[in-house]
Amino acid sequence: MWLCMLKKAGYIQRTRCRALDSEGVMHEVAEVHIQGSRYAIRFAGLTSAVAGRVFVQVEEIVHNWNYYLGATRGLAQVSFSGKALNIDIFDEGSFSVSLKALSSIMYGKERYACIVKIPDQPLESQKVRRITLDQKRISATA
């Protein structure tokens with residue numbers, strides 16, 4: 001059911017480029033292209049995210065004679081099922097990439113992996129518990 005609702009939103013690639021952070025330290029990064037915007041995930045953080053359930057920063061990347069890491073634009077974490085990396089870009093939505101495709105990029109087998117947009121859930125589809133007439137309300141005071 002969800003497969004027909006998922007639409008390609010971009011891609012992630014390993015370019016073997018290095019980017020400087022605000023302290024002047026070089027980091028190898030994976031470039032994330034989502035809906036026309038470029039972001040970066042530090043490769044060391046990406047491997048730790050895949051190994052365990054930790055959050056990784058998704059940062060903007062700027063090219064001016066060299067690559068520079070900018071402000072944090074989102075967070076990424078392995079999904080609850082352990083089959084995908086979910087990327088949450090602030091004010092833009094949630095995206096996902098398969099861990100199988102991501103691991104093939106990390107180990108150099110592939111160059112690109114497709115990123116799909118996770119559809120927003122409409123408010124009416126969320127479960128709302130309704131109280132029937134025969135149920136009682138209990139008030140609590142603290």
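Using just the Cα positions, wrap region 7-125 in a convex hull and report its mean projected area in square nanometres, one decimal place.
On the way: hull surface 31.5 nm².
That works out to 7.9 nm².
Using a Förster distance of 25 angstrom, determine the FRET efficiency expected from the C-beta separation of residue 98 and residue 55, and round it to 0.05.
Numbers: r = 19 Å, r/R0 = 0.76.
So the FRET efficiency works out to roughly 0.85.
So in region 7-125, what percent of DSSP beta bridges are antiparallel if you round to the nearest 5?
Values: 43 of 45 bridges.
Taking every DSSP beta bridge with both residues in region 7-125, the antiparallel ones total about 95 percent.
Please work out the C-alpha center-to-center distance from region 44-67 to region 6-23 and express it in whole Å.
Using only Cα atoms, the two centres lie 8 Å from each other.
Coordinate-derived values only; no laboratory data. Everything quoted here is computed from the prediction, not taken from an experiment. A quick note on method: Cβ atoms are made from the backbone with ideal geometry, for glycine too, and the neighbour counts reach across all protein chains shown.
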